[in-house]
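K.L.:
Mind having a look at this structure? Questions to follow.
Throughout, read-outs are computed from the coordinates displayed, never taken from laboratory work. Remember, predicted model here, so these are calculated numbers, not experimental data. Every residue, glycine as well, gets a Cβ built from its backbone with ideal geometry; the counts of neighbours run over all protein chains shown.
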Amino acid sequence: MKGIQFSQTNKIPSPNIYVQMLPEYKGWVYVDQEAVDLKGHWSEQFVNPVLPLDLEIGCGNGFFFEHLSVSEPDRNHVGIEIKYKPLIQTARRVRKLNSSNAKAIRYHAGLVSEIFASSEIDNVHVHFPDPWPRKKQWKHRLLQPGFFEEMHGIQKPGTWVDFKTDSQDYFDFVLKFKEKIPYEIIRLTRDLHQSEWKAGNFETAFERLFLKQNLPIYYCRFQRK
Ligand SMILES: C[S@@+](CC[C@H](N)C(=O)[O-])C[C@H]1O[C@@H](n2cnc3c(N)ncnc32)[C@H](O)[C@@H]1O
């Protein structure tokens, strides 16, 4: 991941209507260089800076992010989203609630060390990242050994990364390199909704779509060593 500049996240055609809405979301959304400038200072952006700081990657429409903000008021939450439409959808939800503990960031999630300092982040949620199903696309999958190296750099010891996917292939792809990363698997199921973790699970927007098709949800929790 080293050597990639944040400016590579700027390839999405813009401006679109969501880009034009960004000024309305000042204080709720931090875009590209604004996020780089806050490296090491994210907690100071929140009403209560002493709370743990969790990260959701790829918030989509923000359904789960809103849930995090409401259900975990004793933690602060940042959500990274690369596309402007879901970025604004996410920010809109927490702005509507006037959340004191949630902010959205527009950035590439593979480059988190550009925007977070060492040990700045506690727990991380990665739900239904783009599966890139064809073999020649696998290099685009977010969860790779290099991703866990980046996460290890920004997370505190003992915190975790939660990973949910509907893709058996992506799940197996990640498990294949589990011995090579500085994380230990402390939860694993190939059918979350038939598992002991179902009760504590919140269904994300994509998860609901897959459940309607009766697809199993693969789930794993990696604890940082
Ligand atoms: C399949 S959706 C899942 C959304 C949500 N997590 C859910 O479960 O409903 C994947 C999301 O990740 C975002 N995404 C994809 N690549 C990303 C990246 N490199 N950095 C940040 N977000 C990314 C996409 O824009 C999309 O909103």
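K.L.:
Starting from region 124-170, pick out the trypsin sites (Lys or Arg not before Pro) whose DSSP state is loop and whose Cβ has at most 12 other Cβ atoms within 10 Å. Walk me through the numbers on the way to the answer.
P.N.:
On the way: sites: Arg134, Lys135, Lys136, Lys139, Arg141, Lys164; in loops: Arg134, Arg141.
Filter output for region 124-170: Arg134.
K.L.:
Now a separate question. Out of all Cα-Cα pairs in region 97-225, roughly what percent, to the nearest whole number, are more than 27 Å apart?
P.N.:
Details: 1652 of 8256 pairs.
Value for region 97-225 (Cα pairs over 27 Å): 20 percent.
K.L.:
Near Gln137, within a Cβ-to-Cβ distance under 14 Å, what is the net charge of the other residues, with Lys and Arg +1 and Asp and Glu -1?
P.N.:
Numbers: positive: Arg134, Lys135, Lys136, Lys139, Arg141; negative: Asp130, Asp169.
Once all neighbours under 14 Å are counted, the net charge is +3.
K.L.:
Here is a follow-up. Report the antiparallel proportion of the DSSP beta bridges in region 122-225 as a percent, rounded to a multiple of 5. Before the final figure, lay out each step's value.
P.N.:
Values: 12 of 16 bridges.
In region 122-225, approximately 75 percent of DSSP beta bridges are antiparallel ones.
K.L.:
Just check the chain against the gyration tensor rule for me: Cα atoms, a ≥ b ≥ c as the square roots of the eigenvalues, rounded for a/c under 1.5, and otherwise prolate or oblate depending on whether a/b exceeds b/c.
P.N.:
Numbers: a/c = 1.34, a/b = 1.29, b/c = 1.03.
Because its axes are fairly even, with a/c under 1.5, the chain counts as rounded.
K.L.:
222 nm [θ] for the chain, helices only, -39500 (n - 2.57) per DSSP H run of 4+, per residue, to 500? Can you show the working numbers first?
P.N.:
Numbers: 7 runs with 58 residues, N = 225.
After summing the helix terms and dividing by the residues of the chain, the value is -7000 deg cm²/dmol.
K.L.:
Give me the net charge for the shell around Ala104: Cβ to Cβ below 14 angstrom, other residues only, Lys and Arg +1, Asp and Glu -1. Could the numbers behind the result be given before it?
P.N.:
Numbers: positive: Lys26, Lys83, Lys85, Arg92, Arg93, Arg95, Lys96, Lys103, Arg106; negative: Glu24, Asp32, Glu34, Asp54, Glu56, Glu66, Glu81.
Surrounding charge for Ala104 is +2.
K.L.:
Quick one: work out the % antiparallel among DSSP beta bridges in the chain, nearest 5. Intermediate results must be reported in sequence, preceding the final value.
P.N.:
On the way: 12 of 34 bridges.
Bridges in the chain that DSSP calls antiparallel: roughly 35 percent.
K.L.:
Turning to a different aspect of this structure: Which shape class applies to region 75-122: rounded if a/c is under 1.5, otherwise prolate when a/b exceeds b/c and oblate if not, where a ≥ b ≥ c are the square roots of the Cα gyration tensor eigenvalues? Intermediate results must be reported in sequence, preceding the final value.
P.N.:
Working: a/c = 3.83, a/b = 1.32, b/c = 2.90.
Because a/c hits 1.5 or more and a/b fails to exceed b/c, region 75-122 counts as oblate.
K.L.:
Return the FRET efficiency for the residue pair Gln137, Asp172: r is the Cβ-Cβ distance, R0 is 22 Å, and the value is rounded to the nearest 0.05. Spell out each step's value before the answer.
P.N.:
Working: r = 16 Å, r/R0 = 0.71.
That gives a FRET efficiency of 0.90.
K.L.:
Just to be sure I understand: with springs between alpha-carbon atoms less than 10 Å apart, which residue in Phe177, Phe206, Phe63 has the highest mean-square fluctuation in the Gaussian network model of the chain?
P.N.:
In this elastic network of the chain, the residue with the biggest mean-square fluctuation among Phe177, Phe206, Phe63 is Phe177.
K.L.:
Further question: Report the gain in length on full extension from Val70 to Val50: 0.36 nm times residue separation, minus Cα-Cα distance, nm rounded to one decimal. Intermediate values should be presented prior to the final figure.
P.N.:
Working: separation 20, 0.36 × 20 = 7.20 nm, distance 1.77 nm.
Length gained between Val70 and Val50: 5.4 nm.
K.L.:
Quick one: putting +1 on the C-beta of Lys and Arg, -1 on the C-beta of Asp and Glu, what dipole do you get for region 9-93 around its Cα centre, in Debye to the nearest 20?
P.N.:
The dipole magnitude comes to about 320 debye.
K.L.:
Please work out the FRET efficiency for the pair Gln33 and Ala205, using the Cβ-Cβ distance as r and a Förster radius of 22 Å; give the result to the nearest 0.05.
P.N.:
Numbers: r = 29 Å, r/R0 = 1.33.
Working from the Cβ atoms, E equals 0.15.
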